[in-house]
Amino acid sequence: SGSITFQDVVPMILGANIGTTLTSTLICLGYIDKRKEFRKALAAGVIHDFFNIIIVLILFTLELQYGLLSLFTGKIAALFSTTSPEQTASVNYHIFNWGLSEKLINLIDSAIITLIISFAGLILAIKIVSKQIYGSIIGDSQSKLRLYLFKNPYKSFGWGALTTGLIQSSSITTSLVVPLVATGRVKLKKIAPFIYGANIGTTITAFITVAFNSTTVLNIAILHLLINVFGVVLFLPFPSVRNIPVELAKKF
């Protein structure tokens, strides 16, 4: 709506990248009564935290000093749009919105109750999706897990990106690997590329913005994509660098 500039948005998106890692860390609390499993689960849960924290420390500094993220985002967005991110644009939600939200809001007529119902619905949806994915994709066979998901770093990265892209939530997919490490079915270093892939998959929003008539939405999506692509380019190709978040997680 023009209340803040796009430059103000950049630190908020960087902060959100760290905030989204909380889910996998909370999952670890389910193992707190078993010392050995809890240590493994906690290490698995905080890999995502350390990965994003390192990326943000680097990019936030570059943005603060030189405005690089804002600059690159603007240049890329200019290839697809002729309006600036500060200009107000209408957003067309007709593809994804069937009017249920508006009817519910009008029926309840209370912001607080609506918010509570929204969060309850979100939590329920995450639980249902997590259960379905764990049962259909993760499965019970240890050999199949290693073969199809964690055979090599790039295959693991691809599965992480694909799975997260389908459900558009890195929090869910990273939470799914915590029990695998906690129970000793998958080694800690094997899940790191999977988590890096999840960080790319969660930016699938950038590819659905063509359904909206909003330059602001497009800019934010491109910004999110740039942040996570930078992290993957920095970590994935180099084994010694790739394992930095893993070693930090072990020490933590």
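The values are calculated or read from the model by the stated rules, or taken from the named source; none is laboratory data. Keep in mind that this is a model prediction, so the values were computed, not measured. Don't worry about glycine lacking a Cβ; one is built from the backbone with ideal geometry, like all the others, and counts go over all protein chains shown. Accessible surface is based on the protein model in full, side chains and every heavy atom, while ligands, DNA and RNA are left aside. Shrake-Rupley method; radii C 1.70, N 1.55, O 1.52, S 1.80 Å.
Of the residues examined, SER81 is one that is among the hydroxyl-bearing types (Ser, Thr, Tyr), at pLDDT below 75, more than 21 Å from THR20 (Cβ to Cβ) and in contact with a helix residue (DSSP H, G or I) (Cβ under 9 Å, 6 or more places away or on another chain). Would you check which residues across the stretch 6-46 are among the basic types (Lys, Arg) and in contact with a helix residue (DSSP H, G or I) (Cβ under 7 Å, 6 or more places away or on another chain) and list them? Of everything in the stretch 6-46, just one residue is among the basic types (Lys, Arg) and in contact with a helix residue (DSSP H, G or I) (Cβ under 7 Å, 6 or more places away or on another chain), namely LYS40. Between VAL246, VAL178, VAL186, the distinction of being at pLDDT 90 or above, surrounded by 15 or more Cβ atoms within 10 Å (Cβ to Cβ) and over 27 Å from LEU79 (Cβ atoms) belongs to VAL246 only. Looking only at the stretch 16-44, residues that are free of Cβ contacts under 8 Å to residues at least 60 places away in the same chain and open to solvent by less than 40 Å² (accessible area, probe 1.4 Å) come to 1 in all.
Okay, residues lined up against (1) surrounded by 13 or more Cβ atoms within 10 Å (Cβ to Cβ); (2) over 23 Å from the mean Cα position of the chain (by Cα); (3) modelled with pLDDT under 85:
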| position | (1), (2), (3) |
| --- | --- |
| TYR66 | no, yes, no |
| TRP98 | no, yes, yes |
| LEU104 | yes, yes, yes |
| ALA111 | no, yes, no |
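From the list SER136, SER156, the lone residue that is under 19 Å from ILE191 (Cα atoms) and at pLDDT 80 or above is SER156.
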